[in-house]
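Colleague: This is the structure, below, for whatever I ask next.
The values are calculated or read from the model by the stated rules, or taken from the named source; none is laboratory data. Since we're looking at a predicted model, the values are computed, not measured. Counting neighbours? That spans all protein chains shown, and the Cβs are built from the backbone with ideal geometry, glycine included.
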Amino acid sequence: MCRCLRSPWADRSTAAPDRSSWDSITSKVGARRWHIAGSPFVGRVGELGRVLTSVERVPTAGLVGVVVSGAAGMGKSRLLAEAGRRLAGQGWRLLRVDADRLERRVLYAALAAALRAVPIDNAYTEGLRRDAVGALEAGVPDPGAFGRACAAVARLVTALAAPGPLAIVVDDLHELDDDSLALLAVVLRRLAAAPIGLLIAIRPHVAAPNPAAEELLDRLAAEVEVVRVELGTLPPGELAGVIAPVLGAPPDDDLVAEVHRRADGNPFFATEFARSLAESDLVALDGGQARLAVAARAVRLTRRGAVLRRVLPLTEQTRAVARTLAVLRTVDLGRIGLIAEVTGLPSATVAAAFDDLVRAQVIAEEGGGYRFTHDIVADALYDEIGPAECRRLHREIAVRLLAGSVDVLEVAWHVAESASPGDPVAVRVLTEAAQRALAAAPETAAGYCARALALLPADAVDERAGLLALRCRALARGSRPADAVAPGREALALLPPGEDRFRVATAVISSLFLLGRIDEAIEVADGQIATGPAPATLHAQRAVMLLFAGRPAPDEAAVTAAAVPASPAEKVVVFGQLAMLTSMRGRHGETVEFADRALAAAGTSTTLQMHALAVGASTAALAGLVPDATTRLRRAEQLTEDTGGAFAGELGLTRVVLDWLGGRWDAALEALRTVAVELETRQQATLAGALTAVALDIRTWRGELVPAGRLAARPAPAARNMAELHAFAVAGYLAATGDPDGARARLTAMLADPGTAPYGSLLLVRLIELDLDRGRDVTGLLDTLVAVAPNVSPWSQTMLARTLGVVRRDPAQLTRAVDTAQQGGLVFERARAQLALGELSAAGAAGLLDAYRTFARLGVDALRRRAGRRLHELGEKVPRHRSRAAGLLTESEERVARLVQQGMRNRDIAAALHYSPRSIEVYLSRIYAKLRVSSRLELARALDAMDPPAERSRSASMEGTK
């Protein structure tokens, strides 16, 4: 157990009057920031109440975030520590992550330390902890390293939260490295439904802003509830309670006023002022009170001076050691010799000074090493050094570390802080560090590249080209395509023709594609091909990009004739691209063939197998080849453990599309949010367009028009196939909201050339349905559909047969549609064909009953009621459809509640149900009382909890509306 500052408001420490159960926890979870001997929690009671009240909902509501912000020394860490202590007393588990400004340059340092320190009570979770820490500390370059780290940490956090709620406390979020922030963004959003209270401390204004920290908070706020608690200055009355333990007695009003004025109400600085005054004999105890022993104007002390006074009384040698420690931040006793060399002091002197700092509670033991008890002390010392001396210290440390056998990643940031422009050794070290970090921590690698580029002399063209290429690849791998394009394009202008240049070109083209900048991607591909012989991969990419842009593209034979794949990896990529090419042209038999060839080319490599399976599965799913896509998805899922999170976006998209086509709509919506997080995190805007179309189609059929409207308002994707799928879904929404003209305009805009439209069959069928509803002649459209509908896709075959059956009133065609949908795994399409057949012929009554049940399960009430009416006309028994909230709410109450769940306001609900706003208020008061909730948010969560587990992700449900 360390001895830390006794300030009850130090940001890095805490204590409690009752310590018997707490000591066993603090000894394991970062003693430096949790423990102060004998100091009760004083002040901030209101803020503490807000924090605890916010996370009380975690066991039923899922992840809730609390962001505590305030300037340094305001008590953020103290507040979080007290909240953690109280939650631990209620049986919560705690995972404490302490970020640090200098450790920010060491990838995953704080996160790995937190995982090593969290208490584990069983062998299974201990194994998950080893896996997670190992994934974070893996030093072997591997493209799947980041995905594996995300998956391993997610499994560990899931296990920690399984027995009961888990509190993840992240102190100084803004000081976490970018790779840790990216990992947390993925993990936390994957576990949005888990019972996790996320307590975060962050400074709103720092010298070196960290946009990734605010980006993480913004992404979380879009998915889960995030409560913000801002800590301001303390009033004199509360500040008196903070400084009383330091002074030895409650201060009088004059002393409190003076301390408050000089500290500006900052608790930490107030404590240091009070301590400095007491240790300088400027405070007298009189009648049970502390008062100033001199006139206030005689006190010469600033805030920075109050902090540094902790070190000032020590010898000059001790201060020199303290300054060196401020540069190192964390050391073990084995580094005494290094400190001696840097300071020029004898080892014995350094050891004595080190012990003096421990006794003065400036540094404390933690996790086998020693570090400062509070970052404000470390920062004050570091800032006191001055830029020239600071740079010298970093250089001295770097030189000595390089002379030993240290890891290049440990020395890289010292080099980055001390190198001068033109230093070849610094450029070499930073380049090597970037190469080492590329697979596991691409954000860190990109940062090292940027620093090395800044050090390069102007005439180092070759090195500059290599670093630009490496930075582009790092940013692309780190899912930052927007940032990868510029260095990639600059590298392409400098690199000579060859493998490195084409590798960068592939990264740039892929980044532009993900951003939806298809025309620019084609421009890059054309430019590279024009310079000379290009690899087969580039030719295949270009052909697919041309189709995405709606331009003429070479066929498969021309692509394969342009260049021969030179390796198994290139074959996998090329055949995968050709599978996409043939799919968009409606030749799905060839799609399956090329996907099989890609998998065969992968051989025994699990990484290549995953690539082939992910591309093949997503391509087949988007083509409606459900059985084929399902087989590939299952094989890919068997490889997930070996490949980490590689292709998580493609596999997640495949799963959502298969659930959509396969009639598992609740599962599709539940998975959709997680997959959307993956695609957003990786900036895969093109694939995200397919998710929007799926969600919009489901919501529209269910009558959930409020969330559907938000989806329909999203911009259309740039890629032609995704734009057509988006138009298909938007047209359905517009028709459902009474705008058939708008729907028709959307469809016809996409059907300028129906023969080449990837989703031409779907668009034509929807257009025919619109015109049939308006009594228009559809003969011409039907002829076009027959001409362009591919015969090899069960999806298009089903829609063609159903449309022909409806228009021509042909039971044989409708029977064919039912059978084809059954064989193709198209559950909703099968039910629609059964409904059409049952409405046309009494012989279809059995299928009509199946359709009724399918519509009821999917929540498509309009079609369910239509099937029910037809069953009633045929004299068949209509199954009873039950409301999910039966027994709790009346039908009218549930109708109101479900509209609230969709996000509608009272006046909108009143207009939709033809009630007065006052009536809606009365209904809500009854609903709140019955469900024991007190807000609209709690009502939505309660309704989610009442649904079966598979349906809890639905933000709205209209099944109670009849």
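Colleague: Could you grab me the full set of residues in the range 574-599 that are over 20 Å from N721 (Cα atoms) and among the aliphatic types (A, V, I, L, M)? I'd like the intermediate steps shown before the answer.
Modeller: Of all residues in the range 574-599, those over 20 Å from N721 (Cα atoms) come to 593, 596-599.
Within the range 574-599, A598, L599 qualify.
Colleague: Please work out which one of (1) assigned to a helix (DSSP H, G or I); (2) at pLDDT 85 or above is the condition A306 fails and give its number.
Modeller: For A306, the failing item is (2).
Colleague: Could you tell me how many of the residues in the range 83-99 are within 15 Å of G49 (Cβ to Cβ), surrounded by fewer than 24 Cβ atoms within 10 Å (Cβ to Cβ) and of a type outside the set (K, R)?
Modeller: 2
Colleague: Still on this structure: Give, as residue ranges, the helices (runs of 4 or more DSSP H) completely inside the range 613-731 that count at least 2 residues that are within 26 Å of T756 (Cα to Cα). Steps first, please.
Modeller: On the way: elements: 626-643, 648-661, 665-681, 685-702, 705-712.
Passing ranges, in order: 626-643, 648-661, 685-702.
Colleague: In addition: Do any residues in the range 862-880 that are among the hydrophobic types (A, V, I, L, M, F, W, C) have Cβ atoms under 8 Å from those of residues that are surrounded by 14 or more Cβ atoms within 10 Å (Cβ to Cβ) and part of a loop (DSSP other than H, G, I, E, B), where the two are at least six apart or on different chains, and which pairs are they?
Modeller: Pairs found: A862/G703; L871/V878.
Colleague: Please specify each residue of the range 750-785 satisfying the condition of being in contact with a helix residue (DSSP H, G or I) (Cβ under 8 Å, 6 or more places away or on another chain), exposed (fewer than 13 other Cβ atoms within 10 Å of the Cβ) and assigned to a helix (DSSP H, G or I).
Modeller: Selection gives D773 alone.
Colleague: Filter the range 309-361 down to residues that are at pLDDT below 85, crowded, with 17+ Cβ neighbours inside 10 Å, touching a Lys or Arg at 6+ places or on another chain (Cβ under 9 Å) and part of a helix (DSSP H, G or I), then give me how many there are.
Modeller: Looking only at that region, the number is 1.
Colleague: Any residue at all in the range 199-210 that is part of a helix (DSSP H, G or I) and on the phi < 0 side of the Ramachandran plot? Outline the logic, then answer.
Modeller: Going through the range 199-210, the residues part of a helix (DSSP H, G or I) turn out to be none.
No, because not a single residue in the range 199-210 is part of a helix (DSSP H, G or I) and on the phi < 0 side of the Ramachandran plot.
Colleague: While we're on this one: Filter the range 259-274 for residues that are in contact (Cβ under 8 Å) with a residue 24 or more places away in the chain and surrounded by fewer than 21 Cβ atoms within 10 Å (Cβ to Cβ); which is farthest from L184 (Cα to Cα)?
Modeller: Just the residues of the range 259-274 that are in contact (Cβ under 8 Å) with a residue 24 or more places away in the chain, to begin with: 260, 262-274.
If we keep only those that are surrounded by fewer than 21 Cβ atoms within 10 Å (Cβ to Cβ) as well, we get 262, 264-265.
Working: R262: 39, D264: 35, G265: 34 Å.
Checked the range 259-274; the qualifying residue farthest from L184 (Cα to Cα) is R262.
Colleague: Which of the following residues is in contact (Cβ under 8 Å) with a residue 24 or more places away in the chain, surrounded by fewer than 21 Cβ atoms within 10 Å (Cβ to Cβ) and of a type in the set (K, R): R853, R832? It would help to see each step written out before you state the result.
Modeller: Numbers: R832 fails: surrounded by fewer than 21 Cβ atoms within 10 Å (Cβ to Cβ).
Every option except R853 fails the conditions.
Colleague: Mind checking which helices (runs of 4 or more DSSP H) fall wholly inside the range 399-487 and carry at least 3 residues that are in contact (Cβ under 8 Å) with a residue 60 or more places away in the chain?
Modeller: Numbers: elements: 408-418, 424-437, 442-455, 461-477.
Of the helices (runs of 4 or more DSSP H) lying wholly inside the range 399-487, those with at least 3 residues that are in contact (Cβ under 8 Å) with a residue 60 or more places away in the chain span 408-418, 424-437, 442-455.
Colleague: Can you name the residue in the range 399-435 that is over 35 Å from the mean Cα position of the chain (by Cα) and small (G, A, S) and is also modelled with the lowest pLDDT among such residues?
Modeller: S405
Colleague: Residues of the range 562-596 being among the basic types (K, R) and either in a loop (DSSP other than H, G, I, E, B) or in contact (Cβ under 8 Å) with a residue 40 or more places away in the chain (or both), which ones?
Modeller: Narrowing the range 562-596 to residues among the basic types (K, R): 571, 585, 587.
R585, R587 - these are the residues of the range 562-596 that are among the basic types (K, R) and either in a loop (DSSP other than H, G, I, E, B) or in contact (Cβ under 8 Å) with a residue 40 or more places away in the chain (or both).
Colleague: Please verify whether the range 197-211 includes one or more residues that are modelled with pLDDT of 85 or more, among the basic types (K, R) and within 20 Å of G84 (Cβ to Cβ).
Modeller: Of the residues in the range 197-211, the ones modelled with pLDDT of 85 or more are 197-202.
Checking the rest, the ones that are also among the basic types (K, R) come to none.
No, because not a single residue in the range 197-211 is modelled with pLDDT of 85 or more, among the basic types (K, R) and within 20 Å of G84 (Cβ to Cβ).
Colleague: Do you know which of the residues in the range 708-734 that are hydrophobic (A, V, I, L, M, F, W, C) and in contact with a Phe, Trp or Tyr (Cβ under 7 Å, 6 or more places away or on another chain) is modelled with the lowest pLDDT? Can you show your working first?
Modeller: Taking the range 708-734 first, the residues hydrophobic (A, V, I, L, M, F, W, C) are 708, 711-713, 716, 718-719, 722-723, 725, 727-731, 734.
Checking which are in contact with a Phe, Trp or Tyr (Cβ under 7 Å, 6 or more places away or on another chain) leaves us with 708, 712, 719, 725, 728.
Details: A708: 91, A712: 94, A719: 88, L725: 95, F728: 97.
Here the residue is A719.
Colleague: Looking for whichever is out of contact with any Phe, Trp or Tyr (no Cβ under 8 Å at 6 or more places or on another chain) and closer than 28 Å to A716 by Cβ here; the options are A525, A566, A530, A562. Which one fits? Spell out how you get there, then give the answer.
Modeller: Working: A566 fails: closer than 28 Å to A716 by Cβ; A530 fails: closer than 28 Å to A716 by Cβ; A562 fails: closer than 28 Å to A716 by Cβ.
Result of the check over A525, A566, A530, A562: A525.
Colleague: If L381 satisfies all but one of (1) closer than 19 Å to A99 by Cβ; (2) within 35 Å of the chain's Cα centre (by Cα), what's the number of the condition it fails?
Modeller: Every condition holds for L381 apart from (2).
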